[in-house]
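Single-structure report; data block below.
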Amino acid sequence: MLPILLSLVLFADQPASSLNDFNGDWTTDLSTLSKEPEPERIVVKGKRFSRSKGAVSVPADGTFHSLGDAPYVDAVAVTILDRRRVRELDRFRGKLIYSITYTASVDGQSMRRTITDFGKPNGRAVSTVIDSARDGRHSPGEHLVSGDWRAVSIKTSQARLIDTIRLRDGRYSLLGHDGYGYTAVIGGPPVSIRGDAETGRVSVTTQANDTVIVSMSLDGKKTALQTLRLQPDRHTIKVSVHREADGVEKTYLLRRVK
């Protein structure tokens, strides 16, 4: 009987989780973000620039080139600044959305990507720095930015990482400090997302008392399934995102802001 009595004592003051425990401000812990299974390939060769993420391939002549009817970025301009630096400008419907500078180290073994995002709903520019390590060897004669890269750290403003979650009256809402967000009826139809593509939609369901499931789509096609599972401490949420395009599942933790 002792083990049973001990368990009753230890857990007596730990109330069961409730969906109400999702309510509050949460910050993304970037240190817990799982790594991509494959490196990102960037090629700067023959006055042409390409990167595997986003499937971008354009002349590196400093001129904007159309990507067609794309939902987030429809024109890209790339300039080779010198043997270690490349600048990429991304536009959508004539508006500058991103400015990205790729800077390789002198030995070519690391690279820093500085991204300025001008496309947030509140209109405020936000900067993010991604440091990457080369995966494999650098081929002599190639531009130092060329190669396969794996992200090793991501840094951005703390405020950008905070989201407010509200779950009440049969509705789930998410609001970021930059104006991104949505409110959906749980079990209801897909809704639009502030700060996302025009055809971006989310729908929300719940499971038990500790799980919220967000289904994401674009142009009516499912793109990702996000599962938020409240942990026993009620101050941590484990997030899993399954990407439909490649089947990869990314995970990270949200921590309650005190």
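The values are calculated or read from the model by the stated rules, or taken from the named source; none is laboratory data. Source: prediction; values computed, not measured. With ideal geometry, Cβ positions are generated from the backbone for all residues, glycine too; neighbour counts draw on all protein chains shown. In case anyone asks, the SASA skips ligands and DNA or RNA and just uses the protein heavy atoms, side chains included. Shrake-Rupley method; radii C 1.70, N 1.55, O 1.52, S 1.80 Å.
A few comments on the model shown:
- For region 40-158, size of Cβ-based charge dipole, Lys and Arg +1, Asp and Glu -1, in debye: 140 debye
- Region 40-158: Lys pairs at Cα distance under 21 angstrom, eight or more positions apart or on different chains: 5
- Per-residue HN-Hα couplings for region 195-211 [Karplus 6.51, -1.76, 1.60; θ = phi - 60°; Hz; x = Gly/Pro]: x, 10, 4, 4, 9, x, 9, 9, 9, 10, 9, 10, 9, 6, 10, 9, 9
- Prolate/oblate/rounded label for region 40-158 (Cα gyration tensor, a/c 1.5): oblate
- 3J(HN,Hα) along region 155-170: 10, 8, 5, 4, 4, 5, 8, 9, 10, 9, 10, 10, 10, 7, 6, x Hz, from the Karplus curve 6.51 cos²θ - 1.76 cosθ + 1.60 with θ = phi - 60°, whole Hz, x for Gly and Pro.
- Charge sum, other residues only, whose C-beta stays under 13 Å from residue 186's C-beta, Lys/Arg counted +1 and Asp/Glu -1: +2
- Rule-of-thumb Rg ratio for region 102-221 [Cα; 2.2 N^0.38 Å; N residues]: 1.43
- The trypsin sites (Lys or Arg not before Pro) of region 96-181 that meet both conditions, a loop assignment by DSSP and at most 14 other Cβ atoms within 10 Å of the site Cβ, are 124, 137.
- Extension reserve of the residue 137-residue 110 stretch, reckoned as 0.36 nm per residue once the Cα distance is removed: 8.6 nm
- Amide proton proximity set for residue 188, modelled H, under 5 Å, gap of 5+: 204
- Between helix 2-11 and the chain: long-axis angle, C-alpha atoms, 0 to 90°, nearest 10: 60 degrees
- Carbon plus sulfur fraction of accessible area for the chain, probe 1.4 Å, in percent: 53 percent
- ³J(HN,Hα), Karplus 6.51/-1.76/1.60, whole Hz, each residue of region 78-83, x for Gly, Pro: 10, 10, 7, 7, 6, 6
- Sorted largest first, extent of the chain alpha carbons per principal axis (Å): 74, 42, 31
- Interchain or long-range residues, amide H under 5 Å from residue 257's placed H: 25, 26, 27
- Against the criterion of solvent-accessible heavy-atom surface with a 1.4 angstrom probe, 182, 72 sort, most first, into 72, 182.
- Amide H to amide H, with H built 1.01 Å from N, residue 48 comes under 5 Å of 60, counting only residues 5 or more places away or on other chains.
- Solvent-accessible area per residue for the chain (1.4 angstrom probe, square angstrom): 56 Å²
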